1. Given the residues Asp90, Asp61, which is the only one that is over 15 Å from the mean Cα position of the chain (by Cα), in a loop (DSSP other than H, G, I, E, B), exposed (fewer than 15 other Cβ atoms within 10 Å of the Cβ) and modelled with pLDDT under 90?
2. So in the stretch 93-125, with the set limited to residues that are more than 20 Å from Ile33 (Cβ to Cβ) and among the polar types (S, T, N, Q), which one is nearest to the chain's Cα centre (by Cα)?
3. Of all the residues that make up the stretch 64-87, how many are exposed (fewer than 13 other Cβ atoms within 10 Å of the Cβ) and either of a type in the set (Asp, Glu) or touching a His at 6+ places or on another chain (Cβ under 8 Å) (or both)?
4. Consider only pairs whose beta carbons are under 6 Å apart and that are at least six residues apart or on different chains; among these, list those whose first residue lies in the stretch 7-30 and is surrounded by 13 or more Cβ atoms within 10 Å (Cβ to Cβ) and whose second residue is among the hydroxyl-bearing types (Ser, Thr, Tyr).
5. Among the residues of the stretch 93-113, what is the count of those that are under 18 Å from Val18 (Cα atoms) and in a loop (DSSP other than H, G, I, E, B)?
6. Within the stretch 114-134, track down each residue that is part of a helix (DSSP H, G or I) and out of contact with any Ser or Thr (no Cβ under 9 Å at 6 or more places or on another chain).
7. Take the conditions under 27 Å from His73 (Cβ atoms) and either hydroxyl-bearing (Ser, Thr, Tyr) or within 12 Å of the chain's Cα centre (by Cα) (or both) and apply them to Phe24. Does it pass?
8. Within the stretch 44-57, can one find any residue that is under 16 Å from the mean Cα position of the chain (by Cα), assigned to a loop (DSSP other than H, G, I, E, B) and over 22 Å from Ala89 (Cβ atoms)?
Amino acid sequence: MAAIKTHYQNNGARDIMVAALSGFLDNIETEPIFIFIGSDRHLLDCFGPLTGTMLHALAPDLPVYGTLDDPIHAQNLLHGLKEAKHVHADKIIVAIDASVGDEEEIGMIQLRQGGLVPGKALAKNLPTVGQFAITGVVDVRFSQQGTRRNKHPGLALVYNMAMLLSESIGEWHSRRHPG
């Protein structure tokens, strides 16, 4: 299945994400675990842990790693992955992280098969995480920052993207486990 991409403000964005999650994950026998990557110390990088926090509140029985209270970031990624794999050895990992892109991509959320490489935009040498990846474009690539016409993305963007994604995953989970 190809990558599914939608802007968080699109009408029906949540339905698109729920359908994409179903298409990618419903054939997996075990419940996947969700690893939200990012820092609570940087506004745009908090997309992952903010989404993890929101999702944990919506679906406390869903395995979630990486929240605002306990973020998974560059310094503790290896430890967090080791812990998650130890507790959930047989489970598929869905990795979620903020990303950068072109100016017109800001606000896009993408789900695709294959892992993601955290810190790639900052040239960090971190391992690929997950069998599926969800990324949210929160800013432009560094090389484009001098040409940006729009104001700097802020908390409203990250919050609204995190809300949409957490609600989408929560709805997918409740459909998969009704009652």
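1. Asp90
2. By that ranking, first place goes to Ser99.
3. 1
4. Final answer for the pair search is Ala13/Thr6; Arg14/Ser168; Ile16/Thr6; Met17/Ser168; Val18/Ser168.
5. Final tally of qualifying residues: 1.
6. If the condition is that a residue be part of a helix (DSSP H, G or I) and out of contact with any Ser or Thr (no Cβ under 9 Å at 6 or more places or on another chain), then Leu122 is the only one that fits.
7. no
8. No, because not a single residue in the stretch 44-57 is under 16 Å from the mean Cα position of the chain (by Cα), assigned to a loop (DSSP other than H, G, I, E, B) and over 22 Å from Ala89 (Cβ atoms).
The values are calculated or read from the model by the stated rules, or taken from the named source; none is laboratory data. Keep in mind it's a predicted model, so treat the numbers as computed, not measured. Every residue, glycine among them, receives a Cβ derived from its backbone with ideal geometry; neighbour counts consider all protein chains shown.
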